[in-house]
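Enquirer: Got a structure for you, questions after.
Just so it is clear, none of the values below were taken in a lab; they were calculated from the coordinates. Computed from a prediction, not measured in an experiment: that's the story for all the values here. We place every Cβ from the backbone using ideal geometry, glycine too, and count neighbours over all the protein chains shown.
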Amino acid sequence: MPRGRGPGRGAGRGGPGHGFRGGACPRRINRFLEPCLLLLLRGDASHGYNLLEALGQFGFAPGSVDASVVYRVLREMEESGWVSSCWDTAGSGPPRRVYTVTADGEGYLAAWVNDLRSTRDELEQFIAAYARQDGDRAGSDTP
């Protein structure tokens with residue numbers, strides 16, 4: 001993977017459980033935006049605003065991802081060589097930067113997909129173990 005970055009499972013800033021205060025665990029979406037954006041761009045070259053709107057197909061609620069985050073991730077991916085961009089000056093509006101996936105970006109996306117498959121399997125095993133344990137507890141609470 002380029003530049004030593006890759007889809008990892010690190011604890012992130014603050015360590016495991018950082019930010020957990022009895023509510024839902026905080027979502028770490030910034031890195032997950034990378035494969036989502038790459039997959040969108042794999043289908044067709046696009047500019048940031050269209051990409052932002054299309055994130056809904058991956059389950060992102062409208063307004064849950066700030067446009068500045070999408071543009072920052074796109075710039076970082078361009079610096080890493082996973083996307084390239086050019087200015088689109090056609091049309092009546094202001095010029096827009098249009099992004100496309102590079103060969104390195106295709107490889108990075110494939111690595112993400114493999115990692116997500118492994119993560120899915122691990123999550124399914126975790127949830128099954130929790131359900132078994134939860135069922136054992138429910139059975140032991142009965143007099």
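Enquirer: For a quick check: with amide H placed at 1.01 Å from N, whose amide H comes under 5 Å from Ser46's, ignoring anything fewer than 5 positions away on the same chain?
Expert: Tyr99
Enquirer: Using unit Cβ charges (K, R positive; D, E negative) and no other charged atoms, how large, in debye to the nearest 20, is the dipole of region 27-140 about its Cα centre?
Expert: Dipole magnitude for region 27-140 comes out near 240 debye.
Enquirer: Hey, another quick one. Could you order the peptides 76-85, 107-116 from most to least packed, using the average number of other C-beta atoms within 10 Å per residue?
Expert: Order by mean packing, descending: 76-85, 107-116.
Enquirer: Please report, in debye to the nearest 20, how large the charge dipole of region 32-89 is about its Cα centre when each Lys and Arg carries +1 at its beta carbon and each Asp and Glu carries -1 there.
Expert: With only Lys, Arg, Asp and Glu charged at Cβ, the dipole is about 80 debye.
Enquirer: For Thr102, what residues show an amide H to amide H distance below 5 Å, using hydrogens built from the backbone and excluding near sequence neighbours?
Expert: Distant-sequence amide H within range of Thr102: Val83, Ser84.
Enquirer: Another question, then. Efficiency by 1/(1 + (r/R0)^6): what FRET value for Leu116 and Ala90, r their Cβ-Cβ distance, R0 = 35 Å, to the nearest 0.05?
Expert: For R0 = 35 Å, the calculated efficiency reads 0.45.
Enquirer: A further question on this structure: Karplus couplings for region 124-134 from phi (6.51 cos²θ - 1.76 cosθ + 1.60, θ = phi - 60°), rounded to Hz, Gly and Pro as x?
Expert: 4, 5, 4, 5, 5, 5, 4, 5, 4, 5, 5
Enquirer: Ok, one more. Using only Cα atoms, what Kirkwood radius does region 27-140 have, in angstroms?
Expert: When all Cα pairs of region 27-140 are included, the Kirkwood radius is 16.0 Å.
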